[in-house]
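Working notes, beginning with the structure itself.
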Amino acid sequence: MNPSMEQLEAFVAAAAQGSFSGAARALGKAQSAVSTQISNLEIDLGVELFDRTGRNPVLTAAACCPRRG
């Protein structure tokens, strides 16, 4: 499945803000909606984009350095 614009916006906002709640505030959405959009994006792409083990999500290598080709 192709990522939606909302999923991509949520990903970019979360990466820029450093948290899903910050992304939600920036986008004017609920935190749960942002989290769901990013989770669905990860499922669609088949990769984990954020490491969620700490307090704030951290971009994974797959999110920072996607392979080409």
Tell me, what is a quarter of the convex hull surface for the C-alpha atoms of the chain, in nm² with one decimal? 4.6 nm²
How large is ³J(HN,Hα), in whole Hz, for each residue of region 37-48 in order, when computed from phi with the Karplus curve 6.51 cos²θ - 1.76 cosθ + 1.60 and θ = phi - 60°, using x for Gly and Pro? 4, 5, 4, 5, 5, 4, 5, 4, 7, x, 9, 8
Quick check: at a probe of 1.4 Å, how many percent of the accessible area of the chain sits on carbon and sulfur atoms? 53 percent
Would you calculate, for the chain, the mean residue ellipticity at 222 nm contributed by helices, counting each DSSP H stretch of 4 or more residues as -39,500 (n - 2.57) and dividing by all residues, to the nearest 500? -17000 deg cm²/dmol
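Excluding ligands, DNA and RNA, what is the solvent-accessible area per residue of the chain at a probe of 1.4 Å, expressed in Å²?
67 Å²
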In sequence order, what are the phi-derived ³J(HN,Hα) couplings for region 14-22 according to the Karplus relation 6.51 cos²θ - 1.76 cosθ + 1.60 with θ = phi - 60°, rounded to whole Hz, with x for glycine and proline? 5, 5, 6, 7, x, 7, 6, 5, x
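The values are calculated or read from the model by the stated rules, or taken from the named source; none is laboratory data. Predicted model, so just to flag it, every value in this text is computed and none were measured. Note: accessible area is taken over every heavy atom of the protein model, side chains too, but ligands, DNA and RNA are not part of it. Shrake-Rupley method; radii C 1.70, N 1.55, O 1.52, S 1.80 Å.
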